[in-house]
Amino acid sequence: MMVVIGTERKKAMKKGFEAVAKWKEQSDERREAFAQGYTPFFMMQDGESVEGLWFNGCPDSEPLVVDIHTLSLGGNKFRSVVHDPKNCIACHQRRGGDRRVSAVQQRAVFSVADPRWIHKVKDPEKSTAEKEKFQYVPCANDDDGDGKCKLCAKGHKRERSGQKRWEMSMTWGNALHVINKKLSNRCACGGKIRDGECQKCNDTTPLGIFTVPFDVDRTGASKNTTYQFKAQSAEPMPDWVVELSPPELDRLYKPTPADVVCELLGCHNPFLDDAEQYDEADETFENLFPGV
């Protein structure tokens, strides 16, 4: 935290309601980002297959194409932050030689319903008296619950992995675009659509990636990853998918607040002067006016 006092602070200090409005805007952005909650990322391992994946977002607004920086935080940990076209902390750090920050890359983001079974198990090491923490452990059983899962044997309830967001490269976003166009030539009844009319029924209902489940296979890793998407036959969306609440991606993917990026990278915001480099956690009434 940097605090400027005396005459130096007067030089840097902002005046007028414009400064207040700017602070309010930044504060609202942080609150809105927090209010969106956390939607986990959909991930697959090399050689893994997922059966019955649903794209459960809105066809009119997905995929959302966003500009992303990937931050390497050490220990094989990575974090995506949304590029800010105005004053981007990630771009500034990268220009300064910070190799932890990737160049801007476009991603196609979809809301997906992950069908894989998991167990929600309390983590005794991270849990406290005030708040319980959990681990999400893949279930070793199949869909019928038959198998050798030790957690199932111990009576631990299992659940679907549920709502996720899939940030994929534009290569795979385009592959799904092609599949979606092909599906649109098929009707939900199984017939083919020509000139806008189904050749089999009188109720033409074009299919699309948002109306059928998919089996997905992954091979390779990093930049050599390959996905194979297999669209299945039309079927009603299962209840567990219907009950999910897909995130509002356009709100979720606003530029990442500057203070969040600064905290992740351990840097100060170069676009603010010293008087603005306050830690908001210290700007409480009690800290500003001790003893009052």
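The values are calculated or read from the model by the stated rules, or taken from the named source; none is laboratory data. Treat the numbers as computed from the prediction; the structure is a model and nothing was measured. Quick reminder, even Gly has a Cβ in these numbers, built from the backbone with ideal geometry, and neighbours come from all protein chains shown.
What the table shows:
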quantity: Region 156-182 residues that are basic (K, R), paired with ones that are part of a helix (DSSP H, G or I) (beta carbon under 8 Å, 6 or more apart); calculated: R158/L151; R158/C152; R160/W240; R165/L249; R165/L252
quantity: Residues within region 212-224 that are touching a residue at least 24 places away in the same chain (Cβ under 8 Å) and not in a strand (DSSP E or B), tallied; calculated: 4
quantity: Region 157-194, subset of a type in the set (K, R) and assigned to a strand (DSSP E or B), residue farthest from Q135 (Cα to Cα); calculated: R194
quantity: Enumerated strands (runs of 3 or more DSSP E) restricted to region 61-122, each holding at least 1 residues that are touching a residue at least 12 places away in the same chain (Cβ under 8 Å), under 30 Å from Y136 (Cβ atoms) and more than 13 Å from the chain's Cα centre (by Cα); calculated: 64-72, 105-122
quantity: Test: residue in region 10-24 that is at pLDDT below 95 and touching a Pro at 6+ places or on another chain (Cβ under 9 Å); calculated: no
quantity: Conditions (1) surrounded by 17 or more Cβ atoms within 10 Å (Cβ to Cβ); (2) assigned to a loop (DSSP other than H, G, I, E, B); number of the one not met by C201; calculated: (1)
quantity: Whichever residue in region 239-257 is of a type outside the set (S, T, Y) and in a loop (DSSP other than H, G, I, E, B) and, among such residues, is nearest to H83 (Cα to Cα); calculated: P255
quantity: Check on N185, touching a strand residue (DSSP E or B) at 6+ places or on another chain (Cβ under 7 Å), at pLDDT 95 or above and surrounded by fewer than 14 Cβ atoms within 10 Å (Cβ to Cβ); calculated: yes
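Table: residues versus (1) among the aliphatic types (A, V, I, L, M); (2) buried (at least 17 other Cβ atoms within 10 Å of the Cβ); (3) at pLDDT below 95; (4) under 26 Å from the mean Cα position of the chain (by Cα).
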site: K154; (1), (2), (3), (4): no, no, yes, no
site: G173; (1), (2), (3), (4): no, yes, no, yes
site: G196; (1), (2), (3), (4): no, no, yes, no
site: V212; (1), (2), (3), (4): yes, yes, no, yes
